[in-house]
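S.K.: I have a structure I would like to understand better, so I am pasting it below and will then ask my questions one at a time.
The values are calculated or read from the model by the stated rules, or taken from the named source; none is laboratory data. For clarity, every value in this text was computed on a predicted model and none was experimentally measured. Backbone-built Cβ (ideal geometry, glycine too); neighbour counts: all protein chains shown.
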Amino acid sequence: MLSLSYGKDSLACLGAIEELGWPLDRIVHSEVWATDTIPADLPPMVEFKAKADSIIKDWCGIEVERIRGHLTYEQAFYRILGGDKRSGEIYGWPFPKGPYCNSDVKMPPLDKVERSGIVYVGIAADEPNRFHNLSDTKKSPLVEAGWTESMCQEWCKENGLLSPIYTTVTRGGCWFCHNQSVNQLRLLRRNYPEYWTLMLKWDSDSPVSFHSDGHTVHDFERRFQAEDDGFLSADDKNFRWSMLDESLNYRLF
Ligand code: SF4
């Protein structure tokens, strides 16, 4: 079984598997959903996945299985905590170290299928720091075939399977991720205002700040609004949060 993420290394496993002549019965992708009706992927990624599924079907005759757990991100976010600390509060934004979105939303359905046989994962031959994740039941066709990351990228390009995350500013991973860059947040607000509004709502409800340094999505909203109003520059490499207050004082004055 190939565990597919739709990243270049993961997709290039198909080429390496063919080169090695390894058996392949299933291709499985664990999908995170923001809510019951909104996927965690941005629209260009949703489109790419559909296109990739059809190329893969033509390539090896296998239908990609999209699996999802019983919790959406929003459902996991609004779960009530038990125990001694923060009892009765909702989870809110995940802590960056050991985020529940990965352990409670993304991984459980995948862990369940992966237990049923040998799993191929997209670890490239030039990623030795990830080799410790391999075992008798978790194998990398790329390592076995000697395919490096750049070879994977080339193979995907040649086969129409290069995800927009490598060619455009589209973000891979969830659009609400706490780990994304400031610029990705800025683009999300500009291009997908309805998703940004949902993040602001979650932010108002969260007992945990969006970033571990205490900054919230509302702080980013103020920052981006100040940029829109011409009080701050999006390109300012020396941005400090105190500049927001300075720009606000200036406006009030
Ligand atoms: S991409 Fe971010 S939000 Fe999505 S599962 Fe991974 S850590 Fe969580």
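S.K.: Just name the residue that is farthest from residue 2 (Cα to Cα) out of those in the range 47-98 that are among the aromatic types (Phe, Trp, Tyr), within 15 Å of the ligand (Cβ to nearest atom) and assigned to a helix (DSSP H, G or I).
M.R.: 77
S.K.: State which residue pairs qualify: first residue closer than 18 Å to residue 67 by Cβ and inside the range 89-105, second residue at pLDDT 95 or above and outside any loop (DSSP other than H, G, I, E, B) in any location, beta carbons under 7 Å apart, and separation of 6 or more residues or different chains.
M.R.: Every condition considered, the pairs that remain are 101/73; 101/76; 104/76; 105/73; 105/76.
S.K.: Here's another thing I want to ask about it. Return the residues of the range 217-233 that are under 17 Å from residue 179 (Cα atoms) and among the charged types (D, E, K, R); say none if nothing qualifies.
M.R.: Result: 219, 221.
S.K.: Further, regarding this structure: Checking the conditions here, which among 44, 39 is in the same structural domain as residue 136 (by TED's automatic domain parsing), without any contact (Cβ under 8 Å) to a residue 24 or more places away in the chain and not charged (D, E, K, R)?
M.R.: Answer to the check: 39.
S.K.: Do we find that residue 173 is out of contact with any Cys (no Cβ under 6 Å at 6 or more places or on another chain), within 30 Å of residue 124 (Cα to Cα) and either of a type outside the set (Val, Ile, Thr) or modelled with pLDDT of 95 or more (or both) in this structure?
M.R.: Yes; evaluated as a whole, the condition is true for this residue.
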